[in-house]
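Read-outs: derived from the displayed coordinates by stated rules, not from any lab. From a predicted model like this one, the values you see are computed outputs, not experimental measurements. Glycine gets a Cβ as well: all are built from the backbone with ideal geometry, and neighbour counts include every protein chain shown.
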Amino acid sequence: MPQAYADLADRFARISNVEGALAVLSWDAAVVMPKGGAEGRGEQTAVLKRFAHDLITAPVVAERLAQADDETLDEWQRANLVEMKRRHVQATAIPSDLVEAIARVTTTCEMIWRDARAKSDFAELATSLTEVVRLTRAQAEALGAAQGLSPYDALLDLYEANLRDSTIEPIFTRLGQELPGISEAVIARQPKAMELSGPFPIERQKLLARDMMAAVDFDLSQGRLDESAHPFSGGIPGDVRITTRYEEADFLQAMMGVLHELGHAQYTAGQPVAWRHQPVGDARGMIVHESQSLFTEMQASRSRPFTAFLAGRARAVFEREDDPALSAENLSRLVNRVQKSLIRVEADETTYPLHIVLRWRLEKAMINGDLSVADLPAAWNDGMRELLGIVPPDDRRGCLQDIHWPVGAFGYFPCYTLGALMAAQLFRAMLKQVPDALEHLGRGSFGPILAWQRENVHQQGCRYTFDQLLARITGETLGPDAFLDHLRLRYLSGA
């Protein structure tokens, strides 16, 4: 192996292992850490992030990157070098003291958010969130200056390489124009669903969740399922952590949460083993990551064949063989019901993008200095009224519902909806190449579908940009057509 490249590979492997430790610490903080551990965990996180930052910003890295450019590398090594350069540019743009400060304030702000959300008390969060926004804006300005980008584009680039607001604008404009009409048409004609009648004991819900994990072929020897306030997927390949939250009155919320996070988890688990601990072996970015979660949850798991399988398992697990609410037809109506929701994670496919449009607008305004944190609740409520025609009765169901901004994740939200578009395009391509896929879903088996995902998406790592990857698989650029076609087919044609 060429010497300069070998030195870089060793250094980035060390960085990867530090980041892996941080991922597990983050899971621990969200799942089992007592509140009293917040200050200590913040210090631990700050020190480890500073260490990883120092590893990638050391002067020798720039020298080795320049030397490796002249070395003979194969295709994967060259792609790895491209990712190393990108991360180095982003890391060197941000001063170490700013990295450390952001780590401390976001860890603290997350814990404050948990209490503020539970009490629906935005005032409790406002001071800490204001500091997060201030530091994030400083980060964005530094990144933008180094890359020739606007501050918001620089944040978008952190979550998906080469994503720009100019790409998002026309897509979100089109969705904003067409989705209200689609959702209104569905609401007017959808059959009434029979409501679930709880309680559904949480211990039995956990058994049903294990059935869903088995259906998606998740390897429990390399991962686990736990509970948290906000469902998420984390960990590292070989040790993937997912969480959900349970409610006794409605088991579907937890099951759909599990299936969504399983899509993320399988992407992490399926990354190329030969390139583990190297940048090119990581997930491509959050558009692709979200495409995999929504491919699993929305495209596959809410299909009629799979909801019929889920209905059968639910009747058996909860010992309700004669419960009409758990019939295949009714369960399909429930998981695909369209209604205007206050909560993003509970929104249906036709209205979910409107939640993202709201967050996209607000976070841009905060980063650009056009919206103060103090004015966020009112701006949020105005946006909900405009986009969805409903207004939250309290901040818990309004601007306090998401964890993203308290942890500094500005620029992430657009990836959810862009991932939904990519998922629709990928699923359409998969159906052409795996023509019996829906039959497998009806039997509760993702086997052939997962194999297709592994070959085409998971094992490609960061070898290609998100748009190159999509073009290789589908021959298309990212756009809303497949997604809108999917909505009309599922919700308006009865398919």
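Computed from Cα atoms, the angle from the helix 59-69 axis to the main principal axis of the chain rounds to 80 degrees.
For the residue pairs Lys119/Lys206; Lys364/Lys432; Lys340/Lys364, alpha carbon separations beyond 32 Å are given by Lys364/Lys432.
Between rounded, prolate and oblate, where does segment 167-492 land on the alpha carbon gyration tensor, with a ≥ b ≥ c its root eigenvalues, rounded for a/c under 1.5, else prolate if a/b exceeds b/c? Rounded.
Rounded if a/c is under 1.5, else prolate if a/b beats b/c, else oblate: with a ≥ b ≥ c from the C-alpha gyration tensor eigenvalues square-rooted, which is segment 103-208? It is oblate, given that a/c is not under 1.5 and a/b is not larger than b/c. Each Cα pair under 8 Å and six or more residues apart adds its separation to the average, and for the chain the resulting relative contact order is 19 percent.
Relative to the dominant Cα principal axis of the chain, helix 38-57 is inclined by about 50°.
Here the contact order of segment 255-346, divided by its residue count and restricted to Cα pairs under 8 Å and six or more residues apart, works out to 23 percent. Each Lys or Arg adds one and each Asp or Glu subtracts one; over the other residues with Cβ under 14 Å from the Cβ of Met33, this totals -2.
Angle, helix 352-367 long axis vs. longest principal axis of the chain, Cα atoms, 0 to 90°, nearest 10? Approximately 30 degrees, to the nearest ten.
Close amide H partners of Glu227, meaning residues 5 or more places away or on another chain with modelled amide H under 5 Å apart, are Thr244. Anisotropy class assigned to segment 330-435 is oblate, per the alpha carbon gyration tensor with a/c at or over the 1.5 cut-off and a/b no larger than b/c.
Within the chain, DSSP assigns beta bridges of which about 45% are antiparallel (rounded to the nearest 5).
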